[in-house]
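In what follows, a single structure is set out as structure tokens and then discussed.
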Amino acid sequence: MSQFSAFGDALRQSIQSFDYSPRVDEYGTVRSIMDDVVQIDGLSTCHYGEVLQFDGGHLGLALDLREDGVGAVMLSGATEIVSGSFVRGTGHVANIGVGDSLLGRIINPIGQPLDGRELRCDKFRPIESPAPSIMDRSPVNQPLATGLLAIDSMIPIGRGQRELIIGDRQTGKTSIALAAMINQRTEQNTYCVYCAIGQKGSTVAQIADTLKNAGAMERCVIVAATADDHASLQYLAPYAGCAIAEHFMLQGKDVLVVYDDLSKHAAAYRSMSLLLRRPSGREAYPGDVFYLHSRLLERAAKLSDAQGGGSITALPIVETMAGDISAYIPTNVISITDGQIYLESELFNAGIRPAVNVGLSVSRVGRAAQHKAMKDVSGSLRLDVAQYRDTAIFAQFGADIDQSTAQMLRHGERLTQLLKQRQDDVMSLAQQVAVLVAFDADLFDTVAPKDITEKRGDMLRFLREHCEGTMQAINASGKLSPSDREMLIAYCKRFFGGGSSAKSE
Amino acid sequence: MSHAILRSAAVLDAKQLADVETIFSTRLKQEIKFELMLDPSLVGGFVALIDGKLYDISLAAQLAELKKNLTKIKMEGN
């Protein structure tokens, strides 16, 4: 009750002390509007990137300053603006609310909640801001576990890295990003931001649902500009997501940002640029489409300890057409990022998921950040997989093969099966190490390829029951001592030797 | 003489208009003749548009400002 009266007092005081001094703003008038691009007369002192206010409270963004006027994009309500409408400058650039109140929420790129609940933010950050300087950065030296064996062992990602996920439609690009986000649920200091750019509304709902069911949504923010949103919102979405992530990074947190996907982002920017009458270049993209993505991805960083040691790890996604990674946007983003995970529809259709093409996938800085234990057991894995895939194609023709090749094929087939994994079935470091140790000791060779996934699950369950301590020690230290290795092999042997009797122990 | 528009929430009579014009003419040290426009969305008061500058003395703007102030209130302990 007393709280109510105190609140009443505060309200009364605020109303009584309210003093309005008339505002003097710049104004202009709308000359023409095409889709959501508006040409405005007047507004001579408008800044680049300034938010404009139209009649009816609708907002726009000034992106083109000329001598005789301003070109702007509408952020909302484009249908209500008519030629002759008044526009005024607000004097500030586009901001977005940041902070802990965003966790678990779905918002649009201008900070309005999309999940039907009220949202309050105390702090705001400009959507566009400069990337951390060279002196503020430190080299990538901590791993970011995705929980996927194929990624963590062969294409490791470090905190602060930018790793592109590239592939045709329907090859599991988003699934990899989702697995990585789900796997962060146990990391105390890590948050995730998922930027949906030009996605279907149903897809975004599904992603939110998956995260919720996996218990990872409390640490995630979803910034969504769906396919029916203005091109301007789709253009802003990744920058808004990055601004939210930067706020967390500056507090010393590690943030994983997924941009899904940058091909649609480039297309949205292209349609805006064409309507703004900017000169077009290759594939009708404007000249600054490279800078569009490079300035976004430069904002991913690992900060030095003096700056709090936070990080932003970026997982941009790019969709290719018919496997063509030499198209304009894919080559641009490949050259900006620190490596790529290349997914192939052939592998995907053959049931190998994640459908990673090991030969074309690289991680340029991740090795340095990999845990010692993983480094020890995954050394020749890439080579094994690549060699197996080459030989397997050859062996399809029914050529006579010698014994060592047959053995290599048998081994490789099982390895391929071992690397299959569902997005919600993420593995800890120790579990991944245990699987690779058991594989290295040829223990899986006796198992039929179709039973491998099940056997792997059974083995991990067996290990959890019988040598929990060793597993925890590996997870904690990130190292695999020779005695731990012996212990793991012994227990795995007991599991494979004992078969069903081992389970009853 | 400069181009000037006066958007008001209600219709102004000749005396009111003359008063407003005199105020702006003396303040801006130039002769102002307003072209009138009716805009009920302003709730009350008027908005003067003169040479690319906008003088907002409408009730709608004051209410918006008040709303902004009221939502800023934070209570201790919750």
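Kindly list the residues of segment A:176-214 that lie in the label zone of A:Q251, defined by a backbone N under 19 Å from the point 7 Å along the Cα-to-C-beta vector. The answer is A:184-195, whose backbone nitrogens lie closer than 19 Å to the label point.
Less than 10 Å Cβ to Cβ from A:S311, Lys/Arg counted +1 and Asp/Glu -1: what total charge do the surrounding residues give? Spell out each step's value before the answer.
Numbers: positive: A:R137, A:R159, A:K253, A:K302; negative: A:D254.
Charge balance in the 10 Å sphere: +3.
Using a/c under 1.5 as the rounded threshold, could you call segment A:24-92 rounded, prolate or oblate? The axes a ≥ b ≥ c are square roots of the C-alpha gyration tensor eigenvalues, and prolate needs a/b larger than b/c, oblate otherwise. The shape class here is rounded.
Between B:A64 and A:L360, what's the calculated FRET efficiency when r is the beta-carbon distance and R0 is 41 Å? Round to 0.05.
0.15
Roughly how far apart, in whole Å, are the Cα centres of segment A:199-217 and segment A:131-155? Segment A:199-217 and segment A:131-155 have Cα centres spaced 25 Å from each other. Here's how it looks for A:V255: its modeled amide H is under 5 Å from those of A:Y191, A:S311, A:I312, A:T313, which are all 5 or more places away or on a different chain. For the peptides A:183-195, A:440-452, A:460-472, residues were scored by their other Cβ atoms within 10 Å and the scores averaged per peptide; the highest-first order is A:183-195, A:460-472, A:440-452.
Farthest toward the positive end of the dipole of segment A:18-136, out of A:L103, A:H92, A:L65, is the Cα of A:L103, where the dipole comes from beta carbon charges about the Cα centre.
Would segment A:197-354 count as rounded, prolate or oblate if I go by the C-alpha gyration tensor, calling it rounded below 1.5 in a/c and otherwise prolate when a/b exceeds b/c, oblate otherwise? Write out the running numbers ahead of the final one.
Details: a/c = 1.42, a/b = 1.17, b/c = 1.21.
Because its axes are fairly even, with a/c under 1.5, segment A:197-354 counts as rounded.
Below 8 Å between Cα atoms, with a sequence gap of 6+, how large is the relative contact order for chain B in percent? Display every interim value, and only then the final one.
On the way: 105 pairs, mean separation 27.5, N = 78.
35 percent.
Could you please state, rounded to a whole Å, how far the C-alpha centre of segment A:457-493 is from the C-alpha centre of segment A:249-318? Comparing the Cα centres of segment A:457-493 and segment A:249-318, I get a distance of 41 Å.
Ordering A:V258, A:V377 from the fewest to the most neighbouring beta carbons within 10 Å gives A:V377, A:V258.
Averaged over the residues of A:4-16, the number of partner chain Cβ atoms lying within 10 Å of the residue Cβ comes to 2. Partners of A:K420 within straight-line reach, counting lysines whose Cα lies under 25 Å from its Cα and excluding those fewer than 8 residues away in the same chain: A:K173, A:K212, A:K372, A:K375, A:K450, A:K455, A:K479, A:K493, A:K503. Which angle between 0 and 90 degrees, to the nearest 10, do you get for helix A:262-275 versus the longest principal axis of chain A when only C-alpha atoms count? Orientation of helix A:262-275: about 20 degrees from the principal axis. Which of rounded, prolate, oblate describes the protein assembly as shown, given a ≥ b ≥ c as roots of the alpha-carbon gyration tensor eigenvalues and a/c under 1.5 marking rounded, otherwise prolate only if a/b is larger than b/c? Verdict is prolate for the protein assembly as shown.
Rounded to the nearest 0.05, what FRET efficiency do A:K375 and A:R120 give with R0 = 30 Å and r taken as the Cβ-Cβ distance? Could you check? FRET efficiency, A:K375 to A:R120: 0.10.
Using the Cβ atoms and a cut-off under 14 Å, what net charge is assigned to the surroundings of B:L59, where Lys and Arg are +1 and Asp and Glu are -1? Intermediate values should be presented prior to the final figure.
On the way: positive: A:R23, B:R7, B:K67; negative: B:D39, B:D56, B:E65.
In short, 0.
Pairs of Cα atoms nearer than 8 Å and 6+ residues apart set the relative contact order; for segment A:377-503 it is 26 percent. Normalised by the number of residues in segment A:24-92, the mean separation of alpha-carbon contacts (under 8 Å, six or more apart) gives a relative contact order of 41 percent.
Farthest towards the positive end of the charge dipole of chain A, among the residues A:A399, A:C121, A:V333, is the Cα of A:A399, using unit charges on the Cβ of Lys, Arg, Asp and Glu.
Determine, from the Cβ-Cβ distance of A:D35 and A:D402 and an R0 of 60 Å, the FRET efficiency 1/(1 + (r/R0)^6), rounded to the nearest 0.05. Approximately 0.40, to the nearest 0.05.
In degrees between 0 and 90, to the nearest 10, how far off the longest principal axis of chain A does helix A:381-395 point, with axes built from Cα atoms? Helix A:381-395 sits at roughly 70 degrees to that axis.
Net charge within 9 Å of A:N189 by Cβ-Cβ distance, Lys/Arg positive one each and Asp/Glu negative one each, not counting A:N189 itself?
On the way: positive: A:K253; negative: A:E187, A:D254.
So the environment of A:N189 carries a net charge of -1.
For chain B, find the longest principal axis of its Cα atoms and tell me its angle to the long axis of helix B:59-71, 0 to 90°, nearest 10. On a 0 to 90 degree scale, this one is about 20.
Taken together, the values in this text are just the output of simple stated rules run on the coordinates, not laboratory data. These numbers were taken from a predicted model, which means no experiment stands behind them. FYI the Cβ positions are ideal-geometry reconstructions off the backbone, even for glycines, and counts take in every protein chain you see.
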